[in-house]
Structure formats: C-alpha cells, structure tokens
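A quick write-up on the structure given underneath.
The values are calculated or read from the model by the stated rules, or taken from the named source; none is laboratory data. All values derive from a computational prediction rather than experimental measurement. Cβ placement follows ideal geometry from the backbone for every residue including glycine, while neighbour counts extend to all protein chains displayed. Protein only, heavy atoms only, side chains kept; ligands, DNA and RNA dropped before computing areas. Shrake-Rupley method; radii C 1.70, N 1.55, O 1.52, S 1.80 Å.
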Amino acid sequence: MLEGALASGLSSEGVDVSLLGVVPTPEVAWRSAAASAPGAVISASHNPYADNGIKFFAAGGRKLEDAVEERLEKELSSRRGGPPLDLPPGASLRSAAAGSRIGRLRRRERPPGAASDGYMDHLVSTLEGRTLDGLHVVVDCANGAGYRVAPEVLRRLGARVDVISDQPDGTNINEGCGSTHPEQLQKYVVEAGADVGLALDGDADRVLAVDRRGELVDGDQLIAVCALDLRERRLLQDDTVVVTVMTNLGFRQAMEHHGLHVVETAVGDRYVLEALEQGSWSLGGEQSGHIIFRSLATTGDGLLTSVQLLDVMRRTGRPLAELASVMTRLPQVLRNVRVADREGLTGADRFWAEVRSAEADFDGKGRVLVRPSGTEPVVRVMVEAPTHEQAEETVDHLCAALAAALGTPTS
C-alpha cells in the first residue's frame, strides 16, 4: 500500500521509479550509490510493522542531512489534511498533467524466491576470494528484508547456514525475533551446536551476534573485534574508531588498552558517518549493531558486518567468545524520566551537582550520561558502574533528583 502511494506520488512529479521489491535497506543505499540516484526505503526498521515509514537516501547512497529532513517534515506538516493538489478553479487532474512529464515505473523482475544480484556479488567480493568454509552459522532474519539475501550470501561464501524467522508476511517483522528479541536465536545456537548466531533487524541494517554458548555479543563488542582486526592488518586509518556517547565505557577502556583512539559523536548512525568522512577514518558504529565500514558501504549494513565478523573468525580460528572477550562490558542502566520542564535541564544546578558527585564516586570506573529527548518531555539518564547494583542505585538517586529539579507532568 505504501509502495503504491509513494511510487504514484513520485511519478506524478515526473520522477522515474525503479521498484526493487523486498530488499534490505543497505541494498537500496548500495544501488543509490552505484546509480548516483536518490533512494527510498519503506520499512519499520527494528520496530513493529505498524511503525512503517520512509527512509530516504540522497544520490550517492547517503542519508539526508538534518536540514533537508527538517524541510521535508515541514512541507509534509503544512500539507497534512489539505487538498492533494492545488489546482486552479475549473481545472482537472487531466488538464494539470497535460504537457508535463509523468515518470515511469519499472519493477525489477526476479524469479520467485530469488535473492538480489549485484548487491549480493558486492558482499561476497569484500572477502577478496576468502571463504567461510567450516563455519556453522544460524541466521535470524527477523521476518524482514534480509530473508533471501542473508542466507544466500553466507552459503555462497561456503558457510553451513541454518535460518530462522525467514517467513515475512508483512505484519510479523521483528515479532519476537531478530536483533531486538534474540532469545530464540540464543537457544537455537546452543541446541544446534553452531559456531555463531547472527540476529539481523527488520531492514537488515544492523546485527547482533550470539556465541556458541548462547551469549549475546552486542554492537560495541563487534566493533571492538573488527577494529582490532583491521589494525592488525594495517587497515584501520589512524588507529581510530568512531562511536556514540551511548557506547559502553568498557569499549573505551579496551581501545585505550590496545592503543586505539576513540572519537565520540551524538547518537545516530548519520553522525557516525559524518565523523568517519571528516576524518577519513575506516570504522564506526553503535551499540545497537549499526556498524559502518566506510571503504565498503555508505551506511550501516548488518549483512556486511556479519561477513566481516565471520571472516575474522575464519582467518584467526578463534571462537567468537574469545574474540569478544577483548572488552568487558560495564553494567549499564538506562531510565527515561518524564518531566514537566525539559528545557530547564541546562540550568538545573542542583541536579548537575548530584551528577558530578556520582561521577567523582566512580573515580573513572563508571560514568553518567544525561540527555533530553528531542521529541518527548523526557530526559534519559544512563549510568555505567562496576556492578549492576551500583548502577541501579545511582540511576535511582539521579532520577529522583531530576524529577525534583524539573517537576513531573500533571497528567
């Protein structure tokens, strides 16, 4: 339904539209880059199907800048509820279209069940002839867009592949599966005796992993593994890796121990990519598993990350649990506090004094991160500490201080 509406709107404005069908978000970015043309993805991403929306890529496969997105949102808001076309009195749709160019719709034809072509070849080529022979992999496709491409790519590379949650029906995306619900995958990996599990999200732009013991390996750990491998092969530009403010302190400690420099950005893969491009660096990403290999892609790609991770395992002969042990995750507790006056956060001196006191108590072995939501009357308080109990106790104290400083909503 959304595809039909979007394609019709674009073509009515003279835009030629190529309909790709059900493919991962990173494939659209890759094709956008290859064709130097804008791209659009209809997806719920890592959310339930009711949250379907549209992601746009600028020509070249990069996400739109904030200013462009704001202009689009403003334009949409101004037109919401209004007439679909601003036609002069007495005019008709036919007369409005007369003499103007109508775009063409082209649906890319593939045999039923066939996976993507050029994008899949690209993923295979990133290993430069190496294979994944001997690895037993379980892939959770989140009943999403990677359900055909992911198993096919890994099989082409020689891995033995089991697949779960690969029956999308349009409404079951991310439903009890994928990177947001990896429990089923964790159980399956242990029961199958597999080497590793890979949990994609609904549009396959992020991935989390599961080791053979059923333990979850998050995005911070995956970035750490790949960063050290790239440095070992002299492919990590300036020995630098880019992460966000939400990245676990244990990651920073591990990178410092190994002599790597960490650059920090705001939350969001677009900010990670901006930093990567500004510094000409190689690798960056988020705890969620949204990881960017700048020389290989223009956006986060769960399947590309999976291939690179498995390549490290295959080349080194080391199990994922051993590789991931390079960093120790500090217990992390995140709370959302609804407040009456979000704008008063900067001037809440007593609250910030409590934050400084908590950080002093940690003595460099923990941290506090406070940031307001951009869309809701909510302030997010995140605490990392040597123990879960310390993190819980500190976050409870700070949330109470925050509510006292900014007030709570009356309804």
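Taking the conditions (1) open to solvent by less than 80 Å² (accessible area, probe 1.4 Å); (2) not in a strand (DSSP E or B) in turn, residue 74 satisfies each one other than (1). Among residues belonging to the stretch 235-266 that are in a loop (DSSP other than H, G, I, E, B) and surrounded by 17 or more Cβ atoms within 10 Å (Cβ to Cβ), point out the one that is farthest from the chain's Cα centre (by Cα). Top of the filtered list is 260. Filtering the stretch 211-249 to residues that are farther than 25 Å from residue 367 by Cβ and either of a type in the set (Val, Ile, Thr) or free of Cβ contacts under 8 Å to residues at least 12 places away in the same chain (or both) leaves 232, 233, 234.
When residue 271 is tested against (1) modelled with pLDDT of 95 or more; (2) of a type in the set (Phe, Trp, Tyr); (3) under 18 Å from the mean Cα position of the chain (by Cα), exactly one condition is not met: (1).
Which of the residues that make up the stretch 129-157 are open to solvent by 30 Å² or more (accessible area, probe 1.4 Å), in contact (Cβ under 8 Å) with a residue 24 or more places away in the chain and within 25 Å of residue 317 (Cα to Cα)? Scanning the stretch 129-157 gives 130, 131, 133, 134, 152, 156. Only one of the listed residues (209, 204, 199) is in contact with a Gly (Cβ under 7 Å, 6 or more places away or on another chain), assigned to a loop (DSSP other than H, G, I, E, B) and at pLDDT 95 or above. That residue is 204.
If only residues of the stretch 3-34 that are more than 27 Å from residue 169 (Cβ to Cβ) and not in a loop (DSSP other than H, G, I, E, B) are counted, the one that is modelled with the lowest pLDDT is 12. Each residue in the stretch 261-296 was checked for being within 17 Å of residue 45 (Cα to Cα) and of a type in the set (Val, Ile, Thr), and 3 pass.
Note on the stretch 35-58: residues that are small (Gly, Ala, Ser), part of a loop (DSSP other than H, G, I, E, B) and open to solvent by 30 Å² or more (accessible area, probe 1.4 Å) total 2.
Scanning the stretch 100-126 for residues that are at pLDDT 90 or above, in a loop (DSSP other than H, G, I, E, B) and under 22 Å from the mean Cα position of the chain (by Cα) yields a count of 1. Scanning the stretch 156-200 for residues that are charged (D, E, K, R) and more than 17 Å from residue 221 (Cβ to Cβ) yields 156, 160, 162, 166, 169, 175, 183, 187, 191. Scanning the stretch 371-394 for residues that are among the β-branched types (Val, Ile, Thr), over 13 Å from residue 359 (Cβ atoms) and open to solvent by less than 20 Å² (accessible area, probe 1.4 Å) gives 378, 379. The helices (runs of 4 or more DSSP H) falling completely within the stretch 312-411 that include 1 or more residues that are aliphatic (A, V, I, L, M) and over 30 Å from residue 130 (Cα atoms) map to 349-362, 388-406. Of all residues in the stretch 163-192, those that are under 21 Å from residue 313 (Cα atoms) and either touching a Pro at 6+ places or on another chain (Cβ under 9 Å) or at pLDDT below 95 (or both) total 1.
Filtered by the rule that a residue be open to solvent by 10 Å² or more (accessible area, probe 1.4 Å) and touching a Cys at 6+ places or on another chain (Cβ under 8 Å), the stretch 294-333 gives a lone residue, 308. Only a single criterion out of (1) out of contact with any Leu (no Cβ under 8 Å at 6 or more places or on another chain); (2) touching a residue at least 60 places away in the same chain (Cβ under 8 Å) is not satisfied by residue 345, namely (1). Of all residues in the stretch 58-73, those that are without any contact (Cβ under 8 Å) to a residue 40 or more places away in the chain have Cβ atoms under 6 Å from Cβ atoms of residues that are open to solvent by less than 90 Å² (accessible area, probe 1.4 Å) and of a type in the set (Gly, Ala, Ser), 6 or more apart or on another chain, in 59/36; 59/37; 64/58.
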